[in-house]
Amino acid sequence: MKKIILKLVFILYVLEMNAQYPEKLYPVYTGTDLGLTYTRTMSSFRIWSPIAEQAELLLYKDGENGTPLKSHEMEKGFAGTWFKELKGDWKGTFYVFRVKINGNWSTEVTDPYAKAVGINGKKAMVINLAETNPEGWIKDKSPGFSRLNRPTDAVIYELHIRDASISPSSGIKYKGKYLGLSETETKSTAGLTTGLDHFKELGVTHIHLLPFFDYNSVDESKPDKTQYNWGYDPLNYNVPEGSYSTNAYDGITRIKELKQLIQQFHRNGLRIIMDVVYNHTGLTNESNFNQLVPGYYYRHNKDGSFSNATGCNNETASEMPMMRKFMMESLVYWVKEYHIDGFRFDLMGVHDITTMNLISDELHKIKPDILLYGEGWTSGASPLPDSSRALKKNAARLHHIAVFSDDMRDGIKGSVFDSNDRGFASGKPGTEESVKFGIVAAGKYPQVDYGKVDYSKEPYAAGPWNVINYCECHDNNTLWDKIGLSCPDVPEADRKKMHQLALTIVLTSQGIPFLHAGTEFLRTKKDVENSYKSDDSINAIDWDRKKEELALNNYIISLIHIRKAHPAFRMASPDEISKYLHFDNQVPAGTIAYTINSEALKDSWRNIWVAFNGSSEDKTLDLPFGKWDTGIDTNGSTGSYTGQVLLKRYSALILYHE
Ligand code: CA
């Protein structure tokens, strides 16, 4: 019954949208030449603005203010488009559009399809894309990250471009820039590797970069002013952000420098994931979409106002054909032009499932081992029914797209909405099932009591490839700060053990592991909960901490190495997990232990026994049959065990049969 009602709600929604934007007035343009088409002998421009009465193309000498060199009336083209062709070579010229709707001329609109822009993304630029390629770009190839390049073989590392290098301790020359991340052989004050060399040394496979499309919040003309943003406020979707380039005025520099970064990462065996934010635009009424086609690209409340499932004043309508087309073309462009290896969809729960699946199918055709994942939630209510959106609970309906497991995240460390709350790794009783749910990758599994899982009361993942396991990301307090806030009376040595235990759970669980940059040396944001516009003193990665926390850093390196060396931690299907992974039922409260029949998975270890003690007391656990050797002990012990083992407080142990 519920399904029928949801279906009806969806049909009513579509009917309403069709009534508001009838295809007769808003015909779908199926051509692939929206925006600029450049050759040395001609530039042609096309925009979609079906209800405009007139449209103009304005040419400028530079990307800042000033008076136009010339304005050209555009011709009405197919399916609601406006078109202008200019003979000659227009390379280096900047351009904008104006449209007249209901007798009123719009302000100047940047081409939503722009591939190059001037300062602060105000004006698009005519460029020859071939001239943005660094040397050797044609030969650039994404490195393999395992024998089969399966999603569960990935180890993702989430990084903000500026944070990586801006601290004086980074030893990096181009601080805060694309080029800074391309530097090798950089050293911290203490003489340890930083930046790219460090990521490589860590053994992660994919670097997920926070938004680097052109965003609105940072003034690119003031590189020396104190300003900072994560970048979740899109301005020009198909252009790199200017503040990370060495010259934001020239449209070519930012493109070339981003490509250099990607090329350098690829050369060093690392793949690049782009954080994309198609769920809303940074501007609302004034956005380029809304200037050209008022209302069309967004969802609305019953009263006609912009709906706001994103908490950012508007939400886009991926189900509208031209928005869907925009997303598709934009993503394909990033893969083809920039060789991007994956996307993380911000508030993916805003997008409709059909669009996400069309996108995934297309991107996998171009790059079969592309990695796609997103946040399966929203920041508020959406008029599009839940059953139609790419929410976590609908994860199994997504084609090769993973969702973040907040169940796992908060099960390990406590709720992100309550800084005092603890999780399994910090000694909170009753959290075992949430962590077990994460260990088996949020799928159907006989030994999880779903009623006791913190958020999801039923499995949602169709397979381990369908879920991202993490305990920390750029949002909310860092893991180290969270542990400090929730355990103020616990000695530092024990809090460090909690941190290590939390990361051990993430890196040994089935599914796709995800780490927040700097967590390997206890990254702190000085207890700032939401640092999206805090300055560098909060956000910068302090590379001197690496020396101070070198033991943890080196432990994470060995743990990642173990994960990559042992397919038992990277099973491919829920069937394998049910068949080969078994929890020990008779374990003391506050502990979790499981055995993997790894021989069956072609692992070099015959059996693996993993145990976690998240409680404040040492616990004795019974071992399964036989003599066990130590793979990893968070307390640093090595040796063999038979019969029983003492698991110290806040610690993890991985044992194996050869
Ligand atoms: Ca910008």
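The values are calculated or read from the model by the stated rules, or taken from the named source; none is laboratory data. Keep in mind that this is a model prediction, so the values were computed, not measured. Neighbour counts are summed over all protein chains in view; Cβ atoms, including those assigned to glycine, are modelled from backbone coordinates with ideal geometry. These accessible areas exclude ligands, DNA and RNA; they are computed on the full protein's heavy atoms, side chains included. Shrake-Rupley method; radii C 1.70, N 1.55, O 1.52, S 1.80 Å.
Quick look at the values:
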quantity: Volume of the Cα convex hull of the chain, divided per residue and given in Å³; calculated: 149
quantity: For region 510-658: span of alpha carbons on each principal axis (Å, largest first); calculated: 54, 35, 26
quantity: Low-density loop positions, trypsin sites (Lys or Arg not before Pro), region 505-595 - DSSP coil, at most 12 other Cβ in 10 Å; calculated: LYS526
quantity: Histogram of C-alpha separations across region 270-341, 10 Å bin width, %; calculated: 19, 46, 26, 9, 1
quantity: Kirkwood-based shape ratio for region 307-368, expressed as Rg/Rh from alpha carbons; calculated: 0.98
quantity: Ranked by how many other beta carbons lie within 10 Å on average, peptides 183-190, 549-556, 195-202 from highest; calculated: 195-202, 549-556, 183-190
quantity: Rounded to the nearest 10 Å², the accessible area of CYS312 at probe 1.4 Å; calculated: 50
quantity: Descending Cα extents along the principal axes, region 552-635, whole Å; calculated: 35, 33, 25
quantity: Percent RCO, i.e. relative contact order, over the chain, from Cα pairs under 8 Å lying at least 6 residues apart; calculated: 10
quantity: Residue-count net charge about ALA114 - beta-carbon cut-off 11 Å; Lys, Arg +1, Asp, Glu -1; calculated: +1
quantity: In degrees, nearest ten, helix 2-20 long axis to first principal axis of the chain (Cα); calculated: 20
quantity: Cα-based Rg / Dmax (Å) for region 1-51; calculated: 18.4, 62
quantity: Charge context of GLY639, other residues only, Cβ under 10 angstrom, K/R +1, D/E -1; calculated: -2
quantity: DSSP beta bridges in the chain [antiparallel fraction, %, rounded to 5]; calculated: 70
quantity: Flagged links, alpha-carbon separation over 26 Å, of LYS141/LYS436; LYS365/LYS436; LYS325/LYS365; LYS76/LYS365; LYS175/LYS525; LYS452/LYS533; calculated: LYS141/LYS436; LYS365/LYS436; LYS76/LYS365; LYS452/LYS533
quantity: Computed P(r) (all Cα pairs; region 231-350; 5 Å bins; percent); calculated: 2, 10, 18, 22, 18, 13, 9, 4, 2, 1, 0
quantity: Radius ratio Rg over Rh of region 198-240, counting only Cα atoms, Kirkwood formula for Rh; calculated: 1.11
quantity: Carbon + sulfur, % of accessible area of the chain - ligands and nucleic acids excluded, 1.4 Å; calculated: 51
quantity: C-alpha long axis of helix 353-366 to longest principal axis of the chain, angle in °; calculated: 90
quantity: J(HN,Hα) series, region 449-460, from Karplus relation 6.51 cos²θ - 1.76 cosθ + 1.60, nearest Hz, glycine and proline x; calculated: 8, 4, x, 9, 6, 4, 9, 7, 8, 8, x, 10
quantity: Under the Debye formula (equal points on every Cα, no solvent term), log10 I(q)/I(0) of region 146-230 at q = 0.12, 0.20, 0.21 Å⁻¹; calculated: -0.43, -0.97, -1.03
quantity: Cα-only Debye scattering, region 511-567: base-10 log of I(q)/I(0) at q = 0.12 Å⁻¹; calculated: -0.37
quantity: Dmax and Rg, reported as Rg then Dmax, of region 467-510 (C-alpha, Å); calculated: 11.2, 34
quantity: Counted charge near LYS648, where neighbours are those whose Cβ lies closer than 15 Å (Asp, Glu -1; Lys, Arg +1); calculated: +1
quantity: Computed label-point distance, nm, for sites ASN65 and SER616 using a 7 Å Cα→Cβ extension; calculated: 6.2
quantity: Radius, Kirkwood style, for region 361-495 when every pair of distinct Cα atoms is counted (Å); calculated: 16.1
quantity: Loop-located chymotrypsin sites (Phe, Trp or Tyr not before Pro) in region 33-93, at most 15 other Cβ atoms within 10 Å (DSSP); calculated: PHE78
quantity: Protection proxy ranking of 593-600, 515-522 - average other beta-carbon atoms within 10 Å, highest first; calculated: 515-522, 593-600
quantity: Potential extension, THR37-VAL528 segment - 0.36 nm per residue separation minus Cα distance; calculated: 172.2 nm
quantity: Per-bin percent of Cα-Cα distances, region 77-171 [5 Å]; calculated: 2, 8, 10, 11, 13, 14, 12, 9, 9, 7, 3, 1, 0
quantity: Relative packing of peptides 165-173, 432-440 - highest average C-beta neighbours within 10 Å first; calculated: 432-440, 165-173
quantity: Using alpha-carbon coordinates, inclination of helix 321-338 to the longest axis of the chain, degrees; calculated: 70
quantity: Global form of region 1-118, assessed from the alpha-carbon gyration tensor, a/c cut-off 1.5; calculated: prolate
quantity: For the chain, calculated [θ]222 nm from helices alone, where every DSSP H run of n ≥ 4 adds -39500 (n - 2.57); calculated: -7500 deg cm²/dmol
quantity: Accessible area in square angstrom per residue, the chain, 1.4 angstrom probe; calculated: 38
quantity: Taking only Cα atoms of region 479-584, radius of gyration then Dmax in Å; calculated: 16.3, 49
